[in-house]
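Inspection log for the structure reproduced underneath, given as structure tokens.
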Amino acid sequence: MIRSVLCWFLFTAQALSAQELYVFSDPASNIPARSVNVKLKTHGVGTDMIFGRNAYRVMPQVMAGLTKKIQLRFSASASNMHTKSLETESINLGAKYRFLSLDGIHQHFRMATYVDGSITRIPFHYEEITLMGDKTGVEVGLIATQLWHKLAVSGTVSRTEVLDKSRNDGLVYFPKRQYQSLNYSLSAGYLLLPREYKNYKQPNLNIYVELLGQRLIGTDLNYIDLAPALQLILNSRIKVNVGRRYQLQGNMQRMASQSWLFSVETSFLQVWK
């Protein structure tokens, strides 16, 4: 009986919101309460400008749904992006609170706020601000997601504050470098397969297109990226993501104007009572 209930829950969750499991950004929806998701993500930038070899980052991640409204996330990273070999570099802790949920038949609208914090031992190398392992800082943001049957559209706006010690030590690494950024994204996901749901074991195939942007506050330094991606979901609990980012326009110093992402994620329901 319990197995049947869990299978029904997985099937229902897949049918309603599979296409809002974005690859490069997060939706306003949370993972189910009392569940845990484990993800291994790899991010690569090709040949970097400092060491002249293939640079990549590995990021294990654990997400926990404390309640249907509160989700926690812990992650760490190791990379060779700033060093000559693969080395540990950062830890990250985040929380998301879904404060609005308007659910209808084959559609819903949700809003959430989130906060992320990162600590890294990597020094400044680029003007671009990210908390994936490159900067120590805090990010606060707002997410709104709308689902219409097979199409899901989501928008995010956030502000990041870099807390590196160089902020107050008087040293200047880049003439125009700032320590605050305004970040924004617009994401769309569409469910390609299956055309009709019959059971929870059916594979899902989703296609995504995302616009990702950043502007350093107090400067004219900015970028806008286009990020297409594909996602395969197996047995309603294993997700395989592959995506690519391309810079459409920008004038800030970045590690790379193009990058790729690959991740595998699995879900565990009813982990605790």
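How about the stretch 110-142: which of its residues are hydroxyl-bearing (Ser, Thr, Tyr), crowded, with 17+ Cβ neighbours inside 10 Å and within 15 Å of the chain's Cα centre (by Cα)?
Of everything in the stretch 110-142, those that are hydroxyl-bearing (Ser, Thr, Tyr), crowded, with 17+ Cβ neighbours inside 10 Å and within 15 Å of the chain's Cα centre (by Cα) turn out to be Tyr114, Ser118, Thr130.
From the set of residues in the stretch 243-256 that are without any contact (Cβ under 8 Å) to a residue 40 or more places away in the chain and surrounded by 15 or more Cβ atoms within 10 Å (Cβ to Cβ), which is nearest to the chain's Cα centre (by Cα)?
If we take residues in the stretch 243-256 being without any contact (Cβ under 8 Å) to a residue 40 or more places away in the chain and surrounded by 15 or more Cβ atoms within 10 Å (Cβ to Cβ), then Arg244 is nearest to the chain's Cα centre (by Cα).
Filter the stretch 248-273 down to the residues that are in a strand (DSSP E or B), under 18 Å from Tyr56 (Cα atoms) and out of contact with any Leu (no Cβ under 8 Å at 6 or more places or on another chain) and list them by number.
Within the stretch 248-273, Gln258, Ser259, Trp260, Leu261, Phe262 qualify.
Taking the options Ser236, Ser259, name whichever one is touching a residue at least 40 places away in the same chain (Cβ under 8 Å) and either in contact with a Lys or Arg (Cβ under 6 Å, 6 or more places away or on another chain) or under 21 Å from Ser187 (Cβ atoms) (or both).
Matching residue, one of Ser236, Ser259: Ser259.
Can you confirm whether Gly52 is over 19 Å from Val115 (Cα atoms), at pLDDT 70 or above and surrounded by fewer than 18 Cβ atoms within 10 Å (Cβ to Cβ)?
When the stated conditions are applied, Gly52 does not pass them.
Going by the conditions given, is Ser77 in contact with a Leu (Cβ under 7 Å, 6 or more places away or on another chain) and part of a strand (DSSP E or B)?
no
Would a scan of the stretch 214-229 turn up a residue that is more than 21 Å from the chain's Cα centre (by Cα), surrounded by 16 or more Cβ atoms within 10 Å (Cβ to Cβ) and closer than 28 Å to Asn54 by Cα?
Scanning the stretch 214-229 turns up at least one residue that is more than 21 Å from the chain's Cα centre (by Cα), surrounded by 16 or more Cβ atoms within 10 Å (Cβ to Cβ) and closer than 28 Å to Asn54 by Cα.
The values are calculated or read from the model by the stated rules, or taken from the named source; none is laboratory data. This one's a predicted model, so the numbers in the text were calculated from it and none came from an experiment. Positions of Cβ are backbone-derived with ideal geometry, glycine not excepted, and every protein chain shown enters the neighbour counts.
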